[in-house]
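Presented below is the structure to which this report refers.
A short reminder: the numbers here are calculations on the coordinates, not readings from a lab. Computed from a predicted model, the values in this text were never measured in an experiment. Here the Cβ positions follow ideal geometry from the backbone for every residue, glycine too, while neighbour counts run over all protein chains shown.
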Amino acid sequence: MTRRSNGTFLPGFSPGKPRGVRNRLAHQVFIDAFEHWNEPEPSNKDGKTKGQVALELLYRERAESYLRVMSALLPKQFEHAAAELNLPDEELDELILSLRRRMDEHRAVEQRADVPI
């Protein structure tokens with residue numbers, strides 16, 4: 001018997017792909033793409049790789065696509081590893097107020113720049 005009474009398959013009797021096949025395939029595709037990316041471009045005298053030449057060409061000919069590629073490669077969440085601020089609450093409040101004033105000043109300058117003369 002390969003199924004439970006509720007119709008689900010018992011462990012080891014699934015008719016689908018064996019475990020890990022998808023991960024192994026994705027890993028191999030990544031390895032192949034990485035190797036191709038890093039191959040030297042024969043037509044380039046500067047020793048650039050195929051990937052570098054492709055990025056440069058994309059940047060020059062279709063900047064919007066270049067930006068899309070770059071943003072897709074960046075992590076969705078970026079953690080800034082800044083030094084910890086061990087400030088007393090009063091100093092932290094002053095820092096926040098100072099930053100808010102600077103933001104307000106910046107917005108005021110931007111609004112003045114948007115007003116037609």
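With a point put 7 Å past each Cα toward its Cβ, work out how far Asp46 is from Tyr66 in nm, to one decimal.
Once both label points are built, they end up 1.1 nm from each other.
With labels modelled as points extended 7 Å from the Cα through the Cβ direction, what inter-label distance (nm, one decimal) is found for Lys76 paired with Arg3?
3.6 nm
Just grab the label-to-label distance for Val53 and Arg100, each label 7 Å out from Cα along the Cβ direction, in nm (one decimal).
Going from the Val53 label point to the Arg100 one covers 5.6 nm.
Excluding Arg100 itself, what net charge comes from residues whose Cβ is under 13 Å from its Cβ, given Lys and Arg +1 and Asp and Glu -1? Walk me through the intermediate numbers first.
Working: positive: Arg101, Arg102, Arg107; negative: Asp93, Glu94, Asp104, Glu105.
Once positives and negatives cancel, what remains is -1.
Once R0 is set to 35 Å, what does the formula 1/(1 + (r/R0)^6) return for the Cβ-Cβ distance between Phe34 and Leu10, expressed as a FRET efficiency to the nearest 0.05?
Efficiency, rounded to the nearest 0.05: 0.35.
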